[in-house]
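Single-structure report; data block below.
Nothing in this text is a laboratory measurement; each read-out follows from the coordinates by a stated rule. All values reported here derive from a predicted model rather than from experimental measurement. Reconstructed Cβ throughout: ideal geometry from the backbone, glycine too, with neighbour counts over all protein chains shown.
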Amino acid sequence: MKPNLAVTIGGVNMKNPVTTASGTFGFGREYGPYIDINRLGAIVVKGTTLEPREGNATPRLVETPAGILNSIGLQNPGADYLVEHYAPYFATLQTRVIVNISGNTVEEYARLAAKLDGVPGIAGLEVNISCPNVKKGGMAFGSHPATAAQVTKAVKQATALPVIVKLSPNVTDIGEIARAVEAAGADGLSVMNTLLGMAIDVRKRKPVLGNIMGGLSGPAVKPVAVRAVWQVYRAVKLPIIGMGGITTAEDALEFILAGATAVAVGTANFVNPRATLDVLEGIEAYLVENSITDIKELVGAAHR
Amino acid sequence: MSKVLDAKVMAVLPVAPETYYMELEAPEIARLAVPGQFVHVRCSNSQDPLLRRPISIHMVSRPKGILALLFRVVGKGTELLAQKQIGDVINVMGPLGRGFTLPLPGSRVAVAAGGIGAAPLVFLVQELANMKCQVTVYLGARDKKNLLCDGQFVQMGAEVVIATDDGSLGFKGTVPEMMRRHNDWRRTAMTYVCGPKGMMKEISAMLAEADVPGEVTLEEHMGCGVGACLSCTVKIAHHGQITNKRVCADGPVFPSWQVVWD
Ligand SMILES: Cc1cc2nc3c(=O)[nH]c(=O)nc-3n(C[C@H](O)[C@H](O)[C@H](O)COP(=O)(O)OP(=O)(O)OC[C@H]3O[C@@H](n4cnc5c(N)ncnc54)[C@H](O)[C@@H]3O)c2cc1C
Ligand SMILES: Cc1cc2nc3c(=O)[nH]c(=O)nc-3n(C[C@H](O)[C@H](O)[C@H](O)COP(=O)(O)O)c2cc1C
Ligand code: FES
């Protein structure tokens, strides 16, 4: 018998728990030649802001052991462009599209959420309060329970769409932030964004990245991300999208056992454009092998 | 349409100091590729090095289904690539990016290559030769030992003029310095350039001054290779507006007069 893979993240109904990490999958179309993206439970598209953004100076990406540091800096064409040029494409897909949003101020988050409300093709919002690569906003909001709650509340009030708040691991107590965001009305959580890091070129005696610091992702961060999901699962009742270094189904299952209802594949897409489908097929095979009829039975099972 | 496939190594050999020539069995990529495009290569199946490495398509043989690469060992990834043996399998993704704009058949064109920059230009010159173009190649290297592809260019019927930094072969100096003493390129339909950034910048300025259209091949650190991650951006000026373009998807070939050099 085929196991039931369907999950719901705060009102976003996904036919299976596999999605993409924002910023690693463009707007979906870029991966069209390699996989049928309609097979995914959802796709989370590139971070979008109210106004277009140019992003940071290059180099924006450098490889580190089993990981990468990136400092893209939220380059994106802006909300109006997204609504006009990408949303019609999203509406043709047989998968849910979640738009990742960022702002410099609480008000900007709210205006952006209002603008995307009711746009056909958009199934939910992922609120990025954890970007380490922008000077204003981003991680600054996600580092304090009060500001994290403020952003959440403002976005909730501005839209009827499901609101998933993306947390930063660059905090002392991620559980505390999760509780504040839950109390402010969030429908789900994404855990986690990148870890703040940097690399120095010893020949040039200069930081490698144009922006000096960047966010670490990829296999190197997986244990940190599994820990973060574990702690957030203990702290709140909200459904979690787990991510950070997932490259295989086994990695994804670790997140699910730690408490994630869904999983997102990020950096691994760069290495293996088929990574999302490999993860999906591997999860399904694991369920069949272990005679588990519903993926939801596994969510948080390591806590029990 | 780009593909991801496991390609068998059919040949790998050193051709100059730290420089290797490699043939891969990749018929689908060979069939689809155009000059100037690249492949994104997984140098190992481990997580370190993690990312693929972009390498230009040096040459293809469509009847044999062969994709040829020419690369310099500069770090971990290219070092692992150089250690591959005949029969090993390498995962490659491609062809990627936008290639060179080809001139009208029979045109007079120039090609300027510096160091490993010669790699993608061999495929280009082959295509130009098929189109009966008259090609002059301005070929530069550090020294005679590091000169690449001169024989291939001659065999394809191109006129080859050589510059070496130390004067061990041909003109003593850089490619742009050599080009200043020549006039052929000033009357071409197009000049194609690939080499170190400084050389491309200098030649782009010369082309602009002489009012000759040119194309350059840019490099940037890459993640996805397919236009999704925005790691590989360069500044391009178009109609007075400067925007970020992606080397992997909008390039790697760009009009020489549009590049904003830093
Ligand atoms: C479109 C394109 C085509 C290329 N074609 C060729 C070719 O035909 N032959 C050839 O020898 N080289 C080519 N290069 C350069 C080649 O990609 C780098 O030399 C290679 O990635 C270095 O990897 P490494 O692990 O050996 O070095 P490391 O220094 O260990 O690499 C570390 C990181 O830096 C990146 N990196 C290092 N140097 C460069 C560079 N110059 N450009 C982009 N990223 C870099 C690597 O991809 C990697 O992520 C090309 C680059 C681009 C962008
Ligand atoms: C190149 C790149 C760009 C990213 N852009 C965004 C973004 O725009 N918004 C966001 O919330 N997270 C962004 N992230 C973070 C990822 O969505 C994800 O949280 C993180 O990379 C961890 O997952 P991974 O290890 O599977 O990549 C980006 C990550 C990378 C590598
Ligand atoms: S490498 Fe990802 S956009 Fe070019």
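Listed here are the residues, each with its yes/no results for (1) more than 9 Å from ligand 1 (Cβ to nearest atom); (2) buried (at least 22 other Cβ atoms within 10 Å of the Cβ); (3) within 14 Å of another protein chain (Cβ to nearest Cβ).
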site: B:Cys43; (1), (2), (3): no, yes, yes
site: B:Asp48; (1), (2), (3): yes, no, yes
site: B:Pro54; (1), (2), (3): no, yes, yes
site: B:Ser61; (1), (2), (3): yes, no, no
site: B:Leu69; (1), (2), (3): no, yes, no
site: B:Lys76; (1), (2), (3): no, no, yes
site: B:Leu80; (1), (2), (3): no, no, yes
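Given the conditions (1) in a strand (DSSP E or B); (2) within 14 Å of another protein chain (Cβ to nearest Cβ); (3) closer than 23 Å to B:His221 by Cα; (4) touching a residue at least 60 places away in the same chain (Cβ under 8 Å), and given that B:Tyr20 satisfies all but one, which numbered condition is not satisfied?
Every condition holds for B:Tyr20 apart from (2).
Considering only residues of the range B:212-252 that are near ligand 1 (Cβ under 9 Å from one of its atoms) and aliphatic (A, V, I, L, M), which is surrounded by the fewest Cβ atoms within 10 Å (Cβ to Cβ)?
Looking at residues that are near ligand 1 (Cβ under 9 Å from one of its atoms) and aliphatic (A, V, I, L, M), I get B:Leu218.
Within the range A:52-66, can you find the residues that are more than 30 Å from A:Ala91 (Cβ to Cβ) and more than 7 Å from chain B (Cβ to nearest Cβ)?
Across the range A:52-66, the qualifying residues are A:Asn56, A:Ala57, A:Thr64.
Please work out which one of (1) out of contact with any Pro (no Cβ under 9 Å at 6 or more places or on another chain); (2) surrounded by fewer than 17 Cβ atoms within 10 Å (Cβ to Cβ) is the condition B:Lys132 fails and give its number.
(1)
Return the residues of the range B:173-199 that are hydrophobic (A, V, I, L, M, F, W, C) and in contact with a Phe, Trp or Tyr (Cβ under 8 Å, 6 or more places away or on another chain); say none if nothing qualifies.
Those that are hydrophobic (A, V, I, L, M, F, W, C) and in contact with a Phe, Trp or Tyr (Cβ under 8 Å, 6 or more places away or on another chain): B:Val175, B:Met178, B:Met179, B:Trp185.
Kindly check whether there is at least one residue in the range B:192-200 that is touching a strand residue (DSSP E or B) at 6+ places or on another chain (Cβ under 7 Å) and free of Cβ contacts under 8 Å to residues at least 12 places away in the same chain.
no
For residues that are in contact with a strand residue (DSSP E or B) (Cβ under 6 Å, 6 or more places away or on another chain) and part of a loop (DSSP other than H, G, I, E, B), tally how many sit in the range B:66-88.
Matching residues across the range B:66-88 total 3.
Quick check: is even one residue across the range B:51-62 touching an Asp or Glu at 6+ places or on another chain (Cβ under 6 Å), within 16 Å of ligand 2 (Cβ to nearest atom) and in a loop (DSSP other than H, G, I, E, B)?
Within the range B:51-62 (the criterion being touching an Asp or Glu at 6+ places or on another chain (Cβ under 6 Å), within 16 Å of ligand 2 (Cβ to nearest atom) and in a loop (DSSP other than H, G, I, E, B)), the answer is yes, since at least one residue qualifies.
Out of all the residues in the range B:233-256, which are without any contact (Cβ under 8 Å) to a residue 60 or more places away in the chain and hydrophobic (A, V, I, L, M, F, W, C)?
Listed by number, the residues that qualify are B:Val234, B:Ile236, B:Ala237, B:Ile242, B:Phe254.
Quick one: count up the residues across the range A:80-92 that are buried (at least 22 other Cβ atoms within 10 Å of the Cβ) and more than 14 Å from every other protein chain (Cβ to nearest Cβ).
So the answer is 2.
So that you can scan it fast, the table gives a plain yes or no per residue for (1) touching a residue at least 12 places away in the same chain (Cβ under 8 Å); (2) facing chain B (nearest Cβ under 7 Å); (3) within 12 Å of ligand 2 (Cβ to nearest atom); (4) of a type in the set (Val, Ile, Thr):
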| residue | (1), (2), (3), (4) |
| --- | --- |
| A:Arg29 | yes, no, no, no |
| A:Leu40 | yes, no, no, no |
| A:Leu50 | yes, no, no, no |
| A:Ile68 | yes, yes, yes, yes |
| A:Val99 | yes, no, yes, yes |
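Could you tell me which numbered condition B:Gly106 fails, if it satisfies all but one of (1) away from ligand 3 (no atom under 16 Å from the Cβ); (2) on the phi > 0 side of the Ramachandran plot; (3) buried (at least 22 other Cβ atoms within 10 Å of the Cβ)?
Going through (1) away from ligand 3 (no atom under 16 Å from the Cβ); (2) on the phi > 0 side of the Ramachandran plot; (3) buried (at least 22 other Cβ atoms within 10 Å of the Cβ) one by one, B:Gly106 breaks only (3).
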